[in-house]
1. Cβ-Cβ distance below 8 Å, separation of 6 or more or different chains: which pairs start in the range 208-229 with a residue that is more than 15 Å from G180 (Cα to Cα) and touching a residue at least 12 places away in the same chain (Cβ under 8 Å) and end on one that is crowded, with 19+ Cβ neighbours inside 10 Å and among the hydroxyl-bearing types (S, T, Y)?
2. Out of the range 87-101, which residues are more than 24 Å from the chain's Cα centre (by Cα) and within 16 Å of S61 (Cβ to Cβ)?
3. Tell me, please, whether a residue that is at positive phi and over 15 Å from the mean Cα position of the chain (by Cα) can be found in the range 45-55.
4. Kindly list the number of the only condition in (1) over 24 Å from L83 (Cα atoms); (2) among the β-branched types (V, I, T); (3) surrounded by 12 or more Cβ atoms within 10 Å (Cβ to Cβ) that fails for T220.
5. Just one of A156, A174, A169 is touching a residue at least 60 places away in the same chain (Cβ under 8 Å), part of a helix (DSSP H, G or I) and surrounded by fewer than 21 Cβ atoms within 10 Å (Cβ to Cβ); which is it?
6. Before we move on, is M195 touching a Cys at 6+ places or on another chain (Cβ under 6 Å), closer than 29 Å to R106 by Cα and either crowded, with 20+ Cβ neighbours inside 10 Å or among the hydrophobic types (A, V, I, L, M, F, W, C) (or both)?
7. Tell me, yes or no, whether the range 198-217 has at least one residue that is aliphatic (A, V, I, L, M), modelled with pLDDT of 95 or more and either in a loop (DSSP other than H, G, I, E, B) or crowded, with 19+ Cβ neighbours inside 10 Å (or both).
8. Kindly establish whether G180 is surrounded by fewer than 19 Cβ atoms within 10 Å (Cβ to Cβ), modelled with pLDDT of 95 or more and under 21 Å from S226 (Cβ atoms).
Amino acid sequence: MRKIALVTGAGSGIGRACALALLKAGWQVVFVGRRLEALQASIALAGEHSGNGHAITADLSQESDVKALFAQIRERFGRLDLLFNNAGISLPFTLPGDMLGDDWRRAVDINLNGAFYALSYAFKLMQEQQPQGGRIINNGSISAHVPRPGSIAYAATKHAISGLTRAAALDGRAFGIAVGQIDIGNVTSDMTAKMTQGVPQADGSIKPEPCMDIAAVVETFMTMASLPLSANILSVTVMASQMPYVGRG
């Protein structure tokens with residue numbers, strides 16, 4: 001029987017790449033995001049494996065949407081073996097005194113509350129299903145450890161993801177639920193083109209930063225996803241080797 005995976009933010013970027021890798025590896029994969037067209041286009045990229053991809057729209061910042069999403073998972077598949085808790089947003093460079101409450105709440109609603117809702121409902125399903133157990137992988141960030149200048153909302157929510165991961169990993173032990181976190185550095189994409197042109201550094205300078213190919217992220221993710229539930233990668237950082245992260249930058 002094929003294992004069932006759910007990937008949030010699967011309409012583009014890292015979510016899409018990892019969801020496609022799961023399809024290629026033989027999983028049934030539920031692609032979740034806000035835009036049905038983007039999800040369907042992502043699934044179509046799987047070619048011969050696309051029949052095992054399923055698109056479901058949801059606004060993860062709304063608990064009612066997440067509840068309805070997991071009701072569909074229960075009804076259609078009866079279980080869930082893997083959640084990749086990937087969806088999130090970043091905001092433009094903003095100093096703490098200039099951060100608007102609405103922008104702060106939007107970041108918290110999506111990056112933290114949405115991640116919690118998905119983890120919570122996945123945890124409950126994995127706890128109740130037979131055989132019991134499953135795996136949850138949260139997408140943290142380099143910013144779960146070290147913030148960028150002008151990124152207080154993103155850094156705060158990603159630091160919180162680390163707490164979410166560790167608490168759920170502890171609570172999951174009794175139920176065979178393995179919870180881990182992948183912290184990802186700069187990835188080559190249209191969205192990160194500015195990294196190679198120059199971004200603010202901690203010393204106030206503007207410098208370009210190296211990026212890695214998304215294939216490195218996918219390979220790391222698939223290593224985590226393919227482990228037996230008796231083993232868990234609690235936290236892993238994958239980044240371009242020359243990225244200014246370790247030491248003084």
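1. Within 8 Å, no pair qualifies.
2. G101
3. In the first step, residues of the range 45-55 are kept if they are at positive phi; the result is 47.
Cutting the leftovers down to over 15 Å from the mean Cα position of the chain (by Cα) gives us 47.
Checked the range 45-55: at least one residue is at positive phi and over 15 Å from the mean Cα position of the chain (by Cα).
4. (1)
5. None of the other options fit; the residue is A169.
6. Taking the combined requirement at face value, the residue satisfies it.
7. So far as the range 198-217 goes, yes, one or more of its residues are aliphatic (A, V, I, L, M), modelled with pLDDT of 95 or more and either in a loop (DSSP other than H, G, I, E, B) or crowded, with 19+ Cβ neighbours inside 10 Å (or both).
8. no
The values are calculated or read from the model by the stated rules, or taken from the named source; none is laboratory data. Values in this document were obtained by computation on a predicted structure and should not be read as measured data. Don't worry about glycine lacking a Cβ; one is built from the backbone with ideal geometry, like all the others, and counts go over all protein chains shown.
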